[in-house]
Amino acid sequence: MNVDYQRSRMPYFQRRIENLLRQADVVVNGSRPWDISVQERDLFRRIIAHGSLGLGESYMDGWWECEQIDQLVCRLFRAGIDRRVKTFGMLIAGLRARLLNRQSSSRAFEVGRHHYDIGHDLYVSMLDSRLTYSCGYWKGAHDLEEAQERKLDLICRKLRLEKGMRLLDIGCGWGGLARYAAERYGVIVVGITVSEDQARFAGKICAGLPVQIRLEDYRDAIGSFDRIVSVGMFEHVGCKNYRTFMEVVNRCLSREGLFLLHTIGGNVSVTTTDPWIERYIFPNGMLPSAVQIASAVEGLFMLEDWQNFGSDYDRTLMAWWRRFEDSWPGLAGRYGERFHRMWRYYLLSCAGAFRARANQLWQIVFSKCGSEACYYHPER
């Protein structure tokens, strides 16, 4: 039977999705690692109705399989398929983002409860020994442990830390950077986080060091600091609050101080995030663009350095995924198979997005005074 005739007899939803997938060189029920195997025919209708949310949820429900989700997602992004499926739900999300401040102070602790506090054993099994939950720096590194240590040292060298300095760590995570900076560089650290589990663990591993860990929103930060750093936290701030965040940093930073921002970034300015990521992984999250960051710091800081090593996040996420899969037998009883599929989809789809360069990873250094004495590039 003629192939075109066969396609014409397909239900509309299936025909439309298959046509889109072919543009990314993805075949339904094909044999290559990035092709998808459909287990439930209503999959196509679900994707048309709900877009990326429907794609992710249907994978969690076992409606489709793919040997290499990272490769699939990379191909979809490179072909621009993410921009071709628009849903009513996405329109509503855009309107809500314009009308509401979804990253207000009253919502600040939601992501801590939803994501960072879901289970300490999960993160211990997936991350490096310091529980560093941000992109590693793989230049010269052979494994995840080395990549994360090189990232921490790169940050400290960019900040030109010296013994006795006061460092504010906004979004300190499980305390890895705070401990590293206190032990290796002799600085006094205040770390803040919105996660109870992170605050508790960071307090334990930093015991006996000049480190104070606070459970608080960045808007409540007080004190004067020689250096300020924020690693993997700005993605939770939201476009309505970018300027407020920078004003808080400006208020807390000494005149001769330096501020380093380590953040995932997007290629275009947005007011919402991917709906599946929003619902299942990072509620109230949003990726800033270069324009949004530059606008937020205008009149407050001078830009000293902007480094992009987004491709390193692909390698970091794949390392996390391998460690997670290796540890799954010990985690399965607590989390269940639907969580397994959700977490796998999260790690691999994000790796694919970075591989396609749809997402970036930026380290940006700012100063107040703009003096050449304030900053030097550690790689030069």
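The values are calculated or read from the model by the stated rules, or taken from the named source; none is laboratory data. Quantities reported herein were computed from a predicted structural model and do not represent experimental measurements. Note that we place each Cβ from the backbone using ideal geometry, even for glycine, and neighbour counts take in every protein chain shown.
General remarks:
- Yes/no for residue 317 being part of a strand (DSSP E or B), assigned by TED's automatic domain parsing to the domain that holds residue 364 and either of a type outside the set (Gly, Ala, Ser) or modelled with pLDDT under 95 (or both): no
- Inspection of the range 331-346 finds no residue satisfying the criterion of being in contact with a strand residue (DSSP E or B) (Cβ under 8 Å, 6 or more places away or on another chain) and either modelled with pLDDT of 95 or more or polar (S, T, N, Q) (or both).
- Candidate set: the range 151-167, residues that are charged (D, E, K, R) and surrounded by fewer than 17 Cβ atoms within 10 Å (Cβ to Cβ); chosen: the one farthest from residue 209 (Cα to Cα): 157
- Residues in the range 359-379 include none that are over 25 Å from residue 156 (Cα atoms) and either surrounded by 19 or more Cβ atoms within 10 Å (Cβ to Cβ) or at pLDDT 95 or above (or both).
- Test: residue in the range 235-254 that is in the same structural domain as residue 188 (by TED's automatic domain parsing), assigned to a helix (DSSP H, G or I) and within 21 Å of residue 136 (Cα to Cα): yes
- Number of positions in the range 256-287 that are closer than 26 Å to residue 224 by Cβ and either at pLDDT below 90 or crowded, with 20+ Cβ neighbours inside 10 Å (or both): 7
- Count of the range 45-75 residues which are more than 26 Å from the chain's Cα centre (by Cα) and either at pLDDT below 95 or among the small types (Gly, Ala, Ser) (or both): 4
- Positions within the range 35-56 being of a type in the set (S, T, N, Q), closer than 14 Å to residue 69 by Cα and without any contact (Cβ under 8 Å) to a residue 40 or more places away in the chain, in sequence order: 37
- Any hit, the range 244-261, residues being within 12 Å of the chain's Cα centre (by Cα), touching a residue at least 40 places away in the same chain (Cβ under 8 Å) and at negative phi: no
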